[in-house]
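Every number here is computed from the coordinates shown, using simple stated rules; none is lab data. What you see is a predicted model, and the numbers here were worked out from it, not measured in a lab. Note that we place each Cβ from the backbone using ideal geometry, even for glycine, and neighbour counts take in every protein chain shown.
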Amino acid sequence: MSSNPIVRFFRSVAGKMTAVLALCIFVLVLVNWLLNSFVLLDNYEREQRELLIQSYEELNGSPRSQRTLVGLLEGYALEYGMGAMLWSDTHVLYSSSRNVQSLNNGFFKPLPLPSGSYEVSNRTPPQAVAGEQWLTLSARTNDGLNLLLWVSLSNVSSGAEITNRFLLWSGVATLLIGALAALLMARSMTKPVRQLSRMAQRMAQLDFSERYVGEGHDELAELGHSLNTVSETLESNLSELKTANARLRGDMEAQAQQNEARSRFIRNVSHELKTPLALIQSYAEGLGENAADDAESRAYYCEVIEDEAEKLTQILAKLTMLMQLESGSEELLIDRFDINALLKRAVERYAPLFEEKGAPLPTVTDDPCAVWGDAVLIENVVTNYLTNALNHVTPGGEIRITATPTDHGTVAVTVFNSGNAIPDEDLPHIWESFYKVDKAHTRAYGGTGIGLSVVAAVMTAHGMPFGAENRDGGVAFFFELAAR
């Protein structure tokens, strides 16, 4: 399509309608001008010729008295504006000219025509204004009288020129007004068409947001309302189709994620259970084969078996909690409790481990700080954060625990431990079951690899934020609870 707006306009329906109507007006004005210029004068001259002949025939029809002839000539002058002169061979009988005496002194000669004949020419009548156009009938009556009848053609010619000038200006004005009216009318008539075209183009691009809003009860309005119905139906069907596709895609992705998570979970559980089971089996076999022949050795063997059994118990307990939380079977008991009191109890319970790590016991304020949540599960979150901090704090380092109100109506609980930062690529994965930053899954820290997964499940069930971030000199784990 041309980018020229003028070309684009005249290719449109509105442009074509405007051009056609303007052309019709132009042709109408041109035809009137041509008729006025070339037909009107000839037609008028022909009619005047017939009038002169008819008048002569009426005058020459039967013998009439001179008084009768003069009366007829006076009637022609009044009715048709016709000039006339009637004279005998010796004097003038009648003249429409005012100065009859001057005519008499002119000794008018007889016309060189046979009696009862006439001729029509453009000769100038007596005492006529020079430069004007005339149509003159010269005749001799059956009675031998001389007759001149004439009419002016100049008035018609001048009128035609005036009319042509008027037609020119009125034609231009009519053309402009008509073109403007045609443009407005065409735009009004094509507005629904443009809207329907725009609507169809959007529908072709699967955009069903536009609706036909035109008024009226004509065919275009019926078409517009039909397109509205089609658009609404297609939009509804497309929405249902997209919803079904999104649900199917989500189900497929969720299924794939579940399959991958299940496979990874099974691998990790097998890996985590394999070591304690192997140790229990090995030390139990040693006891059965009397490998420990003294009481101290047997006591050591039993202690190892008890420790590994305890680890298995912890793993199974946390796995059970994790599955209950993720399946939604663990019902939350939301209540209002003092988070500072909970933090203080947890720190005091872990006091021996702080002493073992050589880390000072964190200070927790006694000021009440009420929050909303499941106190039992939140205590599990705090315990996991403290265990993780104790496992990773540097020897002689520090662990800080704070509960700080935020500007958006929550309390942020943070557990910071000094130590090595968590690699950025590992931060998003630490909440996965059995994920450990140490890729060899060493047992040096004594963790189960499930604690942070339990944290994620508990906080997700509460619908509250949680996370971890590297800070200067260590790592901070945090979560938030509603304060109101």
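What's the exposure ranking of VAL27, VAL382, going from fewest to most Cβ atoms within 10 Å?
Working: VAL27 10, VAL382 21.
Least crowded to most crowded, the residues run VAL27, VAL382.
Across the stretch 331-482, Cα-Cα pairs farther apart than 24 Å form 29% of the total.
How would ILE53, ILE334, ILE25 line up from fewest to most surrounding beta-carbon atoms within 10 angstrom?
Working: ILE53 15, ILE334 12, ILE25 19.
Taking fewest neighbouring Cβ atoms as first place, the list is ILE334, ILE53, ILE25.
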